[in-house]
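Engineer: Supplied in C-alpha cells, the structure appears directly below.
Rule-based calculations on the coordinates, nothing more; no lab input. All values derive from a computational prediction rather than experimental measurement. Note: ideal-geometry Cβ built from the backbone for every residue, glycine included; neighbour counts use all protein chains shown.
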Ligand code: CP3
C-alpha cells in the first residue's frame, strides 16, 4: 500500500508530498455525472456499491494519494430522525428546522452500525479495492448544527447565533446530542476500516473567536478526546475560513490542521508548526494556465516546507466547473515538484 499520506499525517519524512482534493469525487467528473444521472444524491449516498464506485473514480483517474469515503456530512443527521432532502441547485434542506426544546428532545442518538450500515459496508468494500489510505469523515458539531437550526444553508446564521445568545442551554443540549452522534459515528468508521478521519468545520469562520471558543471548539475537542481512547488513526481538523482562529484550532487535539486558501501556508506553519498541515490552493487557481498553475504549486510546496508535514490539498472543495484535465496537471505537478 502507498502509505505516503499516512506518514505525512504523522509528521514522518516522505519521498514526495502526498495530495488529495476535498470533493475529489463529484460533479466535475463526467464519470461521476454518469452514475449520478441514474439516481438521486441521497440514493447514491445509501448505496455501498455506487459509493464505492465513485470514491474510486478520482483515485484511479488522477493517482491521488488518499481516497475519501463518498457520503455527506448530513447523513448522520438523517439517522438522528430528521427529514433530509437535497434540492437541485439549492443544496440540503431540513423541512423541520430544530429551533425549540421539543425538537431537540425528539432527536435520537443513533447506533451508527444499525442506522448507517451502508456507510460501514462502503468502507469495508473500499478497503478491499484501495491501494491508498481511506479517509473517513464527519461534520463538526457547530457546522452540523447550523444546517439543523437554519433548515439548510445560510449566509448570516441568524437563527443559529440567536439560539447561542438567547438560549445557550438549549444550544448546548443540541450540540451535545450531535457531538455524541458524531463521536460514535467516527469511531464506527475507524472500526470498519477508515485509516484517517477528517472533521469538516465548514462554517467555523463565521464565528467571532470568543464565540468559536465557547460554542464550537469544545465539542470538537470532546470528539477527538473520545477517538484517542479507541483508535490511533490520524485526525484532520478543517476549520474553513479559520485563519483568524488558528491559535484556537491548534488546541482541538488533531494531528493535522486543514487550511483554506486565505492564509499563507508559511504563516500557518510558523504558527502551528507542531501540527502537520493540509492545503491550501485556492480551488479557482485550478483555472490558471498550466505554467502559472505549476509555478503557484511550486511556491506553495516551498512555503509549506520546514513544518511537521504537508499534505497538498485545495483550500476547499473542487468546483463542479473545473476541467478534469486541470486536476491532472495539479496532481502531477505536486508529485514531480515535491521530489527532492
Ligand atoms: O469527495 C469527497 O470529498 C467526499 C464526498 C463529500 C460530499 N460532501 C459529497 C457531496 C464530502 C466529504 C462532503 C462534505 C460536506 N457536505 C460538507 C463539508 C465540506 C465542505 O464543502 O465544506 C458540507 C458543508 C456538506 C453539505 C452539502 N452537501 C452541501 C452544502 C451540498 C450542496 C452544495 C453543492 O455543492 O451542490 C451537498 C451535496 C453534495 N455532497 C454533493 C456531493 C458530491 C453534490 C450533490 C450532487 O451530486 O448533486
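Engineer: Which residue fluctuates most in the GNM of the chain (Cα springs below 10 Å): 30, 112, 283?
Structural biologist: Comparing 30, 112, 283 in a Gaussian network model of the chain, the most mobile one is 30.
Engineer: Report the label-to-label distance for residue 61 and residue 328 in nanometres (one decimal), using points 7 Å from each Cα along the Cα→Cβ vector.
Structural biologist: Reported label-point gap for residue 61 and residue 328 is 1.0 nm.
Engineer: Taking Cα atoms, how many degrees apart are the long axis of helix 168-192 and the longest axis of the chain, rounded to 10 and kept between 0 and 90?
Structural biologist: Roughly 50 degrees, rounded to the nearest 10.
Engineer: Cα centroids of segment 240-290 and segment 47-106: how far apart, whole angstrom?
Structural biologist: 24
Engineer: Here's another thing I want to ask about it. Could you give the distance between the Cα centres of segment 112-153 and segment 294-340, to the whole Å?
Structural biologist: After rounding, the separation between the Cα centres reads 25 Å.
Engineer: Work out the FRET efficiency for residue 88 and residue 210 from their Cβ-Cβ distance, taking R0 = 30 Å, and round it to the nearest 0.05. Write out the running numbers ahead of the final one.
Structural biologist: On the way: r = 38 Å, r/R0 = 1.27.
My answer for the efficiency is 0.20.
Engineer: Which of these, 272, 104, 119, has the largest mean-square fluctuation under a Gaussian network model of the chain (Cα springs below 10 Å)?
Structural biologist: Answer for the Gaussian network model of the chain: 104.
Engineer: Oh, and also: Using alpha carbons only, how many degrees (0 to 90, rounded to 10) separate the axis of helix 290-304 from the longest principal axis of the chain?
Structural biologist: Computed tilt is about 70 degrees.
Engineer: If I take R0 = 56 Å and measure r between the Cβ atoms of residue 305 and residue 166 in this structure, what FRET efficiency does the formula 1/(1 + (r/R0)^6) give, to the nearest 0.05? Before the final figure, lay out the partial values.
Structural biologist: On the way: r = 47 Å, r/R0 = 0.84.
It comes out at approximately 0.75.
Engineer: If you stretched the chain out fully between residue 274 and residue 319, how much longer would it get, using 0.36 nm times the residue separation minus the C-alpha to C-alpha distance? All intermediate terms of the calculation are to be shown ahead of the outcome.
Structural biologist: On the way: separation 45, 0.36 × 45 = 16.20 nm, distance 3.09 nm.
Contour length minus the Cα-Cα distance gives 13.1 nm.
Engineer: Need one number: nm distance between label points at residue 2 and residue 113, each 7 Å from Cα along Cα→Cβ, rounded to one decimal.
Structural biologist: Calculated label separation equals 3.3 nm.
Engineer: Label point 7 Å out from residue 228 along Cα-to-Cβ: which residues of segment 256-282 have amide N under 20 Å?
Structural biologist: 256-258, 272-278
Engineer: Rounded to the nearest 0.05, what FRET efficiency is calculated for residue 12 and residue 291 with R0 set to 30 Å and r the Cβ-Cβ distance? Each step should come with its number before you reach the end.
Structural biologist: Working: r = 32 Å, r/R0 = 1.08.
Efficiency at R0 = 30 Å is approximately 0.40.
Engineer: Also, I was wondering about something else. Could you work out [θ]222 nm for the chain from helices alone, using -39500 (n - 2.57) per DSSP H run of at least four and dividing by all its residues? Round to the nearest 500 deg cm²/dmol. Write down the numbers at each step before the final one.
Structural biologist: Details: 17 runs with 167 residues, N = 340.
The helix-only estimate for the chain comes to -14500 deg cm²/dmol at 222 nm.
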